[in-house]
Structure formats: structure tokens, C-alpha cells
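Accompanying notes for the structure given below.
The values are calculated or read from the model by the stated rules, or taken from the named source; none is laboratory data. Worth saying up front: this structure is predicted, and the values here are computed from it rather than measured. Positions of Cβ are generated from backbone atoms using ideal geometry, with glycine treated the same way; all protein chains shown enter the neighbour counts. To get the accessible areas, we keep the full protein, side chains included, count just its heavy atoms, and leave off ligands, DNA and RNA. Shrake-Rupley method; radii C 1.70, N 1.55, O 1.52, S 1.80 Å.
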Amino acid sequence: MNTNIPPILLNSYQNNYSSMKIIDIEYPSSLSYIGEEMEKDALLRAASALDTLLRGDGRGNEFLGWLDLPVSSITKESLNQINKIASEWKERLELVVVIGIGGSYLGSKATLEALSNPFNLYFGGTPYPSVVFAGHNMSEDYIAELLDLLDKKEYGVVVISKSGTTTEPAVAFRIIKRHIEEKYGKERCADRIIAITDSKKGALRELSDKQGYRTFIIPDDVGGRFSVLTPVGLLPVAIAGYNVDSFIEGASAMREKVLSKSVDNPALKYAAIRNALYESGKKTELIVNYNPKLQYIAEWWKQLFGESEGKEGRGIFPASVNFTTDLHSMGQYIQEGERTIFETVISVNNCKREIRIDHDPNNLDGLNFLTGKRVEECNRMAEIGTRIAHVDGGVPNIRISIENIDEYNLGALFYFFETACGISAYMLGVNPFDQPGVEDYKVNMFALLGKPGYEEKANELRSRNI
Ligand code: PA5
């Protein structure tokens, strides 16, 4: 097997977007695994799937609004409105609770984890409100501990639900709404609550209209997991002090690349190669990062691909690992366990800070061979060494590299994965934009909780032995 992985050089940190590639994709180890014929065939099928996406006549075509978000739906005016609220809240609030689940929280959570100094949450350190999340779980302890924090902070709420009826965020909002009303008075808290929801329907729309909350709209033709470039993703990111204009610029630059039928289209290549690997027996895709800031990008990616592709008995299983951390937990399995895995590595070319390893005259730890090297160089050699070891163990990889972790590159990365996901799901033959399987647990939960109308189901479930 050819382990031909090109050397990676340490580049200096730079911000010159005009001269840089936004995303690079390479896959020599996967090519040696699938062969050139299979690559060619997969690329042709990916191009035809892209055609379907662009013609808008494939399955789920009523949900293609995300394709144009960066160039038409998100206008200068809506960005200004978002930035205006962010500066207003910066002056007034210490903390903002973002309530949502799935596509209504993962995009902003991923962006904030990627852009923030992780220690600021504990020690402040920015002039902007801290953003925390709720409504993405049903843990009583989580909500109770959050309420303890809200007792002490000057806070506001952004509640996000496209349907306006999802149970987890609705329960969290009911509890937090009561807290904020008791703390500030019912009349005085309307300007501390913003709802992002459907333009006309759903309980959250009705409640917002009644209570006079400010609202943003999630377009009808944009599904939850494709909504990071709408106010769903943009408002929490702007509130935390990040540049949403640049986020949209990155997405817009990526749009030009990935909607073209060029051989350099990285989304075509990614969709083609992951499908070819799947067809050759690699059923699990591990998204790999070497920077803890990207951990939630992987969570967002898992929802995007898992919910879009996992249906009708088909779909690559999307999983994730954080290296080098997980090399000490999952590394053994990846190296020698069942050979049904391939890896997609997200590499970041530049880091913002520089730390070099010192010379130690005693050298008790034996690390003087690293004297003068940057920590990031160790990280890169860990990446190259791991990729080669995994390829040798039968785990081919695709490497996706971005220049920097910043708003521009993240906007581009989100748009890249969304387009690749649409193409890939059409190659698989499924509807990328529905999620019928998500309903099943809800029906059971409602029945077990005694929701009116679910009595028969509840009796059936109570007789089950699981
Ligand atoms: O992608 C999707 O459609 C889902 O993951 C939704 O985002 C998630 O279920 C939350 O739905 P809603 O925004 O309607 O509360």
C-alpha cells in the first residue's frame, strides 16, 4: 500500500485572504485503497449529484434555501440588525443563554468553541457577554446549576426553535422564562428575550408575538442542520463578539468553489471519495482533529451527515475523535480493530500563538532533542506519524486543511460540508433534508409522559420488556 503523504511545512500565521486557498483536500492513501477507476467513477457520480442539487429537482428540493444564504438571504441589513443587538447586549449583559437543540444549537456552539479562549469562560477576559447553552439535554441537574448561575448574572435569552415545538428547548425555556420574569419583572424582561423561529407557525412564534419579544426568522426552505448561516448561528456568535460579516464572506467565497463543476471542487472530491470508500467496505468515517477547538465542529458535522444520510438502511456511520487526546483511548482500536474505518482529518495550517520548547541542562525527561521546536511542530509530526501508522494498519484517510481557525475559514468550512453532504446523500440515493427517524423516540417519550392522545401507545410501551 502506498503511504505517500506529502510533507507539511510550518507556515507563518498570516491573514491575507485574497492570496490564500480556503480549503485543500488530499487523499493519496484513499486513492491507493480504492484505485483510480473507482475514483473516476465516483467523481462522475458526484458531479451528477451536484447537478441534481443545482437544478433543484432532487429529493427534498423544498429545502435548498441554504445554497443561497451567503449571497442573497443574509443581507447587509440583516447582518446590521444582528450586530446592533450584539452591541446593545454587550453594554447591558454579562451572560446570554442560548436555548436550542440539534441544528438550533450545534453551529453556534461549534463556532464559539473554535473561536474562544476556553479559559475565558472561567475567568471572564472579554468585554462581551459569556454565551452558555440550554435546551440541548433533559438533565435536571444541568438546568438547576444553570439557574444558580443566572441568579448571580445580568442575563438575556436567545431561544431558537424552527418548529417552535421541540420538547427539550421548550421545557428549558418555560423554566428560564419564569426565572427571568421573577428576576426582572414580567414587563421589563421582554427586551431581554429574543426568539428565532418560523415566520408564522409554531408555539414559539405565537408566544413571541403575544409577549412582544424581538424575533428573527428561520427561512421555510432551510432545515435545522443547514441553518448555521442564518440568525440561528449568527446571532449567538455576534453576541459573543465575533465577526459575522467575515463568517458570511468565507461562506460566500466557498460557495463559488463548491457550486462549480470544476475538477478542483473540494466538495465534489470529498463526497466522491467518502462514497467510494463506503462502497469498498469502509462503513465508518472518523472525523479527526488535532486541536481541541475543533471538537464541536465534529459534533456539528456528525449531526449534518448522520441525520442527512443515515436512512433507508444506508449511510456512512459518522464518528469523531480528538487527537492526540484520543490516541490514548481510541488509538488501539483504530490501529488494529475491525477494518471498516476511514479517517477524515481536519488540519489547520497556522496557529495564532507561538510556544517553543526550552533547553534543560539536566534533561531528566530526555526531551532535549525537542529544544527550540514549536509545540505545533510536535503536533504536526504527531499528525503525519499517526496518519502513516493508520494507513499501514488499513485505515485510509482524506485530509482537509484550512488556513486558520477564524470566522472566515469557519464560514467556508460550514458551507463546504453542507454542499458535500447534499452531494453525498444524493450519491447514496437518500433524501438529505428529512429526518423521519427522529420522530420515533418522541412519540414514545410523549406517551410515557402521559401526553393526551397517546394513551394507547403508552399501554403498549408499558407492556414491553426491554
Ligand atoms: O436538522 C434538524 O432539522 C434537527 O436537528 C433540528 O434542528 C432539531 O431537531 C431542532 O429542531 P427545532 O429547531 O425545530 O427545535
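Heavy-atom accessible area per residue, segment 65-247, 1.4 Å probe: how many Å²?
It amounts to 44 Å² per residue over segment 65-247.
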Given a Förster distance of 56 Å, the FRET efficiency implied by the Cβ-Cβ spacing of Tyr333 and Lys90, rounded to the nearest 0.05, works out to 0.80
Per-residue accessible area, 1.4 Å probe, largest first, puts Asp191, Asp209 in the order Asp209, Asp191
Quick tally, 1.4 Å probe accessible area for Ser163, Ser116, Ser308, sorted with the most first, runs Ser163, Ser116, Ser308
Per the Kirkwood formula over distinct C-alpha pairs, the hydrodynamic radius of segment 64-182 in angstrom is 15.7 Å
For segment 308-402 the trypsin sites (Lys or Arg not before Pro) that pass both the DSSP coil test and the at-most-15 other-Cβ-within-10 Å test are Arg339, Lys352, Arg353, Lys373
Across the alpha-carbon set of segment 331-377, Rg over Rh with Rh taken as the Kirkwood radius works out to 1.19
A 1.4 Å probe over the protein heavy atoms gives segment 65-247 a carbon and sulfur accessible-area percentage of 51 percent
Number of Lys pairs in segment 65-247 closer than 19 Å at Cα, excluding neighbours under 8 places apart unless interchain, is 20
Between Gly310 and residues 5 or more places away or on another chain, the pairs with built amide H atoms under 5 Å apart involve none
Note on the chain: helices (DSSP H) long enough, at least 27 Å by alpha carbon along their axis, and hydrophobic enough, mean Kyte-Doolittle at least 0.5, are 407-428
Hydrodynamic radius by Kirkwood for the chain, inverse mean 1/r across distinct Cα pairs, in Å, is 23.8 Å
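Relative to the Cα centre, what is the charge dipole magnitude of the chain, using +1 at the beta carbon of each Lys and Arg, -1 at the beta carbon of each Asp and Glu, and rounding to the nearest 20 debye?
My answer is approximately 720 debye.
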